[in-house]
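Here the structure comes first, spelled out in structure tokens, and everything after it is commentary.
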Amino acid sequence: QMSERNAVLTWSYDRYGNINRVSSYNANNVLVADEDGIASYYNKFDNRGNNIIAESYGTGDEMIFEDGYGKEVYEYDTLNRLISVKNYNAYGYPSRSKYNSFCYKILRDSLKQRSEILFFNMEMEPDTTSSGTHGILQKFDSSQNLIEKSFYNLSNQLNAVEQDVAVFQYDYDERNNKIEARFYNVDYKLAVANQGVSINKYTFSTNNWTTE
């Protein structure tokens, strides 16, 4: 148990040793909800330790429609890599969430240097998020550091998701610390980004602590 904002969190485990339920109680041992109306989180795992179902419940043990859906169902490949996420409402019907579509799938290459996230509607047709994104392309270096993340619309054109940013690029040092982040717009030019920043630079001490 642990205290957090005058609430006590309790959790239980499944037969595999995974934490499958976390609930919040007040000092009187009464179940209490957070600002989103959620009092308990439930997760189901398979025998490989993969989280295959995530649900949220209120104080009356009713499923909460957080972000427009009540349940997420996860699917994995034989290497235990997440390959799809589907959203359902509290009645078990497919549901589009507030920010995302009903489902997204993750495609990976055999060299682990690229992955692509694609969004689909309930008919499994190409769909977009609330920001107009259909696909997210991610590139990785040989150490599996994320070096580029690009957002695309249904026309396979770059799509801005934060301010005017459509592409995020990252550099790392020999210890895999992120030392620079660059932001580009749909024209692949440096973007204005948050508070007018186009490039962030980071430096680290010998103990890998951020110093700037």
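Each value in this text was obtained by applying a stated rule to the coordinates, not by laboratory testing. It should be emphasised that the depicted structure is a prediction, and the values quoted were computed from it without experimental measurement. FYI the Cβ positions are ideal-geometry reconstructions off the backbone, even for glycines, and counts take in every protein chain you see.
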Debye log10 I(q)/I(0) for the chain, one point scatterer per Cα, at q = 0.17, 0.18 Å⁻¹: -1.23, -1.24
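Determine Rg/Rh for region 108-212; Rg is computed over alpha-carbon atoms and Rh is the Kirkwood hydrodynamic estimate from the same atoms. Each step should come with its number before you reach the end.
Working: Rg = 15.7 Å, Rh = 15.1 Å.
With Rh from the inverse mean 1/r over Cα pairs, Rg/Rh is 1.04.
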Can you list the aspartates and glutamates whose alpha carbon sits under 12 Å from that of Lys189, skipping same-chain ones fewer than 8 residues off? Asp164
Give or take rounding to whole Å, what are the principal axis extents of the alpha carbon atoms in region 141-203, in descending order? 37, 27, 15
Residues of type lysines that Lys86 reaches as a straight line, Cα spacing below 25 Å, ignoring anything fewer than 8 places off in the same chain: Lys44, Lys71, Lys98, Lys105, Lys112, Lys139, Lys149
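Scanning the chain for trypsin sites (Lys or Arg not before Pro) in DSSP loops with at most 16 other Cβ atoms within 10 Å, what's the longest stretch left with none?
Longest run free of exposed loop sites: 113-174.
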Run down the aspartates and glutamates and flag those whose C-alpha is under 15 Å from the C-alpha of Lys178, throwing out any fewer than 8 positions away in its chain. Asp141, Glu148, Glu212
So what is the relative contact order of the chain, in percent, for Cα pairs below 8 Å that sit 6 or more residues apart? 8 percent
